[in-house]
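Enquirer: Before we start, here is the structure in question, set down as structure tokens.
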Amino acid sequence: CDLTGWWENDLGSKMHVLKVDSEGNFSGEYHTAVSSTDKPIQPSPLVGSQHLDRDGQCTFGFTVNWKKFSDSTAVFVGQCFTEDKGDEVLQTSWLLREKVNSLHSDWKATR
């Protein structure tokens, strides 16, 4: 699975991976379609790494810093699968950490 290029999820968010190097490291931008902030959504930088498995069903992870419009950071982990028709599909899970003002509020900071 080559992560280089554009990917889109079910909610309309898009990820653009610029290039995966020989070690599996990559960078790009994430264009989210959803946000809980009132500020205008902007493309956000991402950095990540993937296993370069020969069977093409690699695992990967990346971090998105929403610094352009939010005080939050998200991490994604996933695996690439190739469907019977040959289409590549990314299955991911994510955690989002929002900034809170106190330790007492820590319980509500991670989704």
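Enquirer: Run Gln57 past the list (1) closer than 18 Å to Thr92 by Cα; (2) of a type outside the set (Gly, Ala, Ser); (3) within 14 Å of the chain's Cα centre (by Cα) and report the number of the one that doesn't hold.
Expert: (3)
Enquirer: Right, something else. Taking the condition of being within 30 Å of Asp55 (Cβ to Cβ), free of Cβ contacts under 8 Å to residues at least 12 places away in the same chain and aliphatic (A, V, I, L, M), how many residues in the range 77-111 meet it?
Expert: 1
Enquirer: Here's another thing I want to ask about it. Given the condition in contact (Cβ under 8 Å) with a residue 60 or more places away in the chain and not acidic (Asp, Glu), answer yes or no: does some residue in the range 66-76 qualify?
Expert: For the range 66-76, residues in contact (Cβ under 8 Å) with a residue 60 or more places away in the chain and not acidic (Asp, Glu): absent.
Enquirer: Let me ask something else about it. Name the residues in the range 89-102 that are touching a strand residue (DSSP E or B) at 6+ places or on another chain (Cβ under 7 Å) and open to solvent by 80 Å² or more (accessible area, probe 1.4 Å), would you?
Expert: Across the range 89-102, the qualifying residues are Gln91, Trp94, Leu95, Arg97, Lys99.
Enquirer: In this structure, does Ser105 turn out to be open to solvent by less than 50 Å² (accessible area, probe 1.4 Å), touching a Leu at 6+ places or on another chain (Cβ under 8 Å) and either aliphatic (A, V, I, L, M) or modelled with pLDDT under 95 (or both)?
Expert: For Ser105, the condition - open to solvent by less than 50 Å² (accessible area, probe 1.4 Å), touching a Leu at 6+ places or on another chain (Cβ under 8 Å) and either aliphatic (A, V, I, L, M) or modelled with pLDDT under 95 (or both) - is not met.
Enquirer: Let me ask another. Residues in the range 28-44 that are open to solvent by 50 Å² or more (accessible area, probe 1.4 Å) and in a strand (DSSP E or B): how many?
Expert: So the count comes out to 2.
Enquirer: Tell me the residue from Val64, Val77 that is touching a Gly at 6+ places or on another chain (Cβ under 6 Å) and either modelled with pLDDT of 90 or more or loosely packed, with under 11 Cβ neighbours inside 10 Å (or both), please.
Expert: Criteria check complete, one pass: Val77.
Enquirer: Condition test on Gly56, is it open to solvent by less than 40 Å² (accessible area, probe 1.4 Å), closer than 29 Å to Ser22 by Cβ, modelled with pLDDT under 90 and in a loop (DSSP other than H, G, I, E, B)?
Expert: Spelling it out, Gly56 is indeed open to solvent by less than 40 Å² (accessible area, probe 1.4 Å), closer than 29 Å to Ser22 by Cβ, modelled with pLDDT under 90 and in a loop (DSSP other than H, G, I, E, B).
Enquirer: Would you pick out the residues in the range 1-12 that are in contact with a strand residue (DSSP E or B) (Cβ under 7 Å, 6 or more places away or on another chain), surrounded by fewer than 16 Cβ atoms within 10 Å (Cβ to Cβ) and not charged (D, E, K, R)?
Expert: Thr4, Gly5, Trp6, listed by residue number.
The values are calculated or read from the model by the stated rules, or taken from the named source; none is laboratory data. All figures in this text were calculated on a predicted structure; none of them were measured in a lab. In this analysis, Cβ positions are derived from the backbone assuming ideal geometry, glycine residues included, and neighbour counts consider all displayed protein chains. Just the protein is used for accessible areas: all its heavy atoms, side chains included, with ligands, DNA and RNA removed. Shrake-Rupley method; radii C 1.70, N 1.55, O 1.52, S 1.80 Å.
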